[in-house]
Amino acid sequence: MLRKLACFALLAALAPHSFGAPAAPDADAALARLADYLRIDTINPPGNESLAVAFLAAIFETEGIAYETFEAAPGRGSIVARLPGGDQLALLLLNHSDVVPADANAWVVPPLSGAERDGYLYGRGAIDTKGLAMIQLEAFLALHRSGRALDRPVLFATTADEEAGGYFGAGWMVRQRPELIADVGFVLNEGGGGRVQGSTPVFSVEVTQKIPLWLRVTARGTPGHGSSPRVRSAPDDLIRALARVTEQRFAPRLLPVVAEGMKAVADLKAPHLRPFYEAPDRLLDDPEGRLALRLDSPGAHALLRDTCSLTRLGGSLKINVIPSQAWAELDCRLLPDTDPDVFMAELETLIDDPAIQITKLMGFTAAVSSTETALYGAMEDTLTEALAEARVVPAMATGFTDSHFFRDLDITAYGFGTVLLGADELSGVHGHNERVNIEAFKAGVGLYYQVLEQFLFGAP
Ligand SMILES: [Zn+2]
């Protein structure tokens, strides 16, 4: 007994914080870590995400947190750390380490410099998603240091390859290492975030996304000399088929999550758009209203329809040769209640030409996460209490993230962020001069932790 007591005393003396005391996250430490993390070259392709794994593993070693790593291919590493807890469904904090390439000539600082300038921290990934990762990590470390008992495990995962579809990261993990996430019931991932509209902080929580359906359209015909055109050629047939697709305006539909999201911010919109946000079903039979919305915000308009963007085209390698094949690629994005196979069949009917072949390059299944969960409630309660006038709004994303891998497994996944971003910062995501406002980032560190406290302990 005495020996045991002595051991406890020793443990308490070694612990950085006394057990049970709430530990505040350290926003300055998170910022410093982000600057270091931005300097690691994980541009995809090729990715080299194992460099990020080494960076994170060293932190978990220092903190004494258990973790596992895996490589889906050489250099394509991912890492999953775990805080043990009770038998409630686990919470996974998910982010990706790879970033898209950057054109250094167009940046005011080198894209991998992690440089501070005029109150911003610059670097490819500052928002997407190395910034989110360091916010999640600081919350995860603070939870660990607090020593508070958890009634559910909390996981932190940084995965590879999200920018190229996640097949060497989250997609590989759910198929090849399912035991790593077998107890997960909730995922907090990228895809949501805060914006000030007027003077109102609006936090969108992404609960579903449009389904990408990437298609290749191929026309075949008889080759020949450009000087002697035949009646038909592969390029001519292709152009005719593509015109039918691009001129097609797929019927508008209003999903409940889209209607709810639009109504929630109606009063913040320009006067000519406000009536459509107040009563979005008016858009269904008002083509001019849809055009006004599309001119103002192509992204908002895309939430109302299936869309297909023509993005790639190819034909002959020589100007005087009529090729036997011409091809194009279509980036179609479907509302989550569209059946991709039915959609493809409709495209075939629309094109109506046996010389044209459509093949699927990539496609996902759709799923929507409910807002009727304790985690959604925690986000709502915390943010509306912490920031005057703040709104928390469910949203459908036009793009996709790794969340679909988890929604496919019936796991509730939200795209969620606590940094209030300006329009100028959003343009840096996949664009030039990606940067995050330092004060907004630091505030985001505190808010993220408060949301987790609310969810895990019922109160801060
Ligand atoms: Zn991303």
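No lab work stands behind these numbers, since they all come straight from the coordinates. Quick caveat, the model's predicted, so the values are computed rather than measured. Note that we place each Cβ from the backbone using ideal geometry, even for glycine, and neighbour counts take in every protein chain shown.
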| note | Dividing the mean separation of Cα pairs under 8 Å (6+ apart) by the residue count of the range 211-363 yields a relative contact order in percent of 46 percent
| message | Once R0 is set to 45 Å, what does the formula 1/(1 + (r/R0)^6) return for the Cβ-Cβ distance between Ile358 and Lys318, expressed as a FRET efficiency to the nearest 0.05? | response | 0.95
| For Val108 and Thr398 in the same chain, what is the full-extension length gain: residue separation times 0.36 nm, less their Cα-Cα distance, in nm? | 101.5 nm
| field | Of the trypsin sites (Lys or Arg not before Pro) in the range 304-409, those whose Cβ has at most 12 other Cβ within 10 Å and which sit in DSSP loop | value | Lys318
| Hey, what did the chain get for relative contact order, percent, Cα under 8 Å, at least 6 apart? | 23 percent
| note | Each label sits 7 Å from Cα toward the beta-carbon; between Ala388 and Leu409 the label points are separated, in nm, by 4.4 nm
| request: Considering only DSSP beta bridges where both residues belong to the chain, give the percentage that are antiparallel (nearest 5). | output: 65 percent
| Pairwise label distance in nanometres, Ala24 with Ala259, each label 7 Å out on the Cα-Cβ vector | 4.5 nm
| field | Cα-Cα pairs of the range 27-109 separated by more than 16 Å (percent) | value | 62 percent
| Kirkwood estimate for the chain, i.e. one over the average of 1/r between Cα atoms, Å | 24.1 Å
| message | Could you tell me the calculated FRET efficiency between Val196 and Gln325, based on Cβ-Cβ distance and R0 = 60 angstrom, to the nearest 0.05? | response | 0.75
| Spin-label pair Thr222/Phe457, simplified geometry with 7 Å Cα→Cβ offset, distance in nm | 8.0 nm
| task | Consider a paramagnetic label point 7 Å from the Cα of Ala149 along Cα→Cβ; state which residues of the range 81-114 have an amide N under 20 Å from it. | result | 83-91
| remark: Mean projected area, convex hull of alpha-carbon positions in the range 211-363, reported to one decimal in nm², is 10.5 nm²
| Helix-derived mean residue ellipticity, 222 nm - over the chain, DSSP H n ≥ 4, -39500 (n - 2.57), to 500 | -10500 deg cm²/dmol
| task | Find how much the distance from Ile239 to Ala182 grows on full extension, using 0.36 nm per residue of separation minus their present alpha carbon separation; answer in nm with one decimal. | result | 15.7 nm
| query | Between Arg294 and Leu268, what length comes free when the chain is fully extended (0.36 nm per residue of separation minus the Cα-Cα distance, one decimal in nm)? | reply | 7.6 nm
| Can you work out the FRET efficiency for the pair Glu348 and Arg230, with r the C-beta to C-beta distance and R0 = 25 Å, to the nearest 0.05? | 0.55
